[in-house]
Amino acid sequence: MPDKRPTDNMELAVDLPQEEEFALANMMPYTYYNFWFLPKYQQEYADKYLLFDGIPDEELKVFEDTFKKLIKISLWNTQGTQFLSKNPPHTGRVKELVKMFPNAKFIYLMRNPYTVFESTRSFFTNTIQPLKLEDISNEEIEKNILSIYAKLYHKYEADKQYIPERNLIEVKFEDFEADALAMTENIYQKLSIPGFEEAREAIEKYVGGKKGYKKNKYKYDDRTVQLVQDNWDFALKQWDYSL
């Protein structure tokens, strides 16, 4: 495998943290990430396996059992005691996750919608090419991105009420980017997670090691700006983002 992600030059290795959705996709058939192979079904996969809208009870049970198994395997392999997930599809599963893990703590990361659209479009358009088993136009990919983002946004807003107040923190990506160490300490404090002082040195070392990384820079053409404003205006307003 390459040592960098082709879309944004982030480090890539089998022993680095990654979205567990990829592992779940290898462990069960009921996963949103099947759209990489069958992109024409992306909306259907999103409704059933991101939002759990209309998912049969037996398929939901498979998800629950498989996810718990993945967590147990991960903790056993790392001799860990707490599972940390960074998995965007969980945005639409808050209600189910709280039911499964009543004391789970949630970090909701907000990011400039203009950047999200450009980044997602670039990632999906490039990455899907060697994986897809059926053709899909770039226009259809755009339409799916715009629609599914909106569904996830509204599902999270509707379901975050189920998270106990002290178990949720909402963070702007740009604030985290500006001072990752301070924001990490704030997250520890807000969510009452012990061990920050013991971990401080390792976190500082990790953050310092990433200072040379240069993320992708995007230029938003007029069409992109209009698409985001027409479809994601609710996020722009609530989170106070502008060009």
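The values are calculated or read from the model by the stated rules, or taken from the named source; none is laboratory data. As the structure is a computational prediction, the values presented were derived from the model and not from experiment. Note: ideal-geometry Cβ built from the backbone for every residue, glycine included; neighbour counts use all protein chains shown. Side chains included, ligands, DNA and RNA excluded: accessible areas come from the protein's heavy atoms. Shrake-Rupley method; radii C 1.70, N 1.55, O 1.52, S 1.80 Å.
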Considering only segment 78-104, state which residues are aliphatic (A, V, I, L, M) and either open to solvent by less than 20 Å² (accessible area, probe 1.4 Å) or not in a loop (DSSP other than H, G, I, E, B) (or both).
Val94, Leu97, Val98, Met100
Segment 158-175, subset closer than 17 Å to Asn112 by Cα and in a helix (DSSP H, G or I), residue most open to solvent (accessible area, probe 1.4 Å):
Asp175
Within segment 224-239, is even one residue surrounded by fewer than 13 Cβ atoms within 10 Å (Cβ to Cβ), modelled with pLDDT under 95 and assigned to a helix (DSSP H, G or I)?
no
Give just the number: which of (1) modelled with pLDDT of 95 or more; (2) under 22 Å from the mean Cα position of the chain (by Cα); (3) not in a helix (DSSP H, G or I) does Thr184 not satisfy?
(3)
So for segment 25-42 (the condition being part of a helix (DSSP H, G or I), out of contact with any helix residue (DSSP H, G or I) (no Cβ under 6 Å at 6 or more places or on another chain) and open to solvent by less than 90 Å² (accessible area, probe 1.4 Å)), does at least one residue qualify?
yes
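Please determine, by comparing only the residues of segment 142-153 that are out of contact with any Leu (no Cβ under 8 Å at 6 or more places or on another chain) and touching a residue at least 60 places away in the same chain (Cβ under 8 Å), which one is nearest to Thr125 (Cα to Cα).
The qualifying residue nearest to Thr125 (Cα to Cα) is Asn144.
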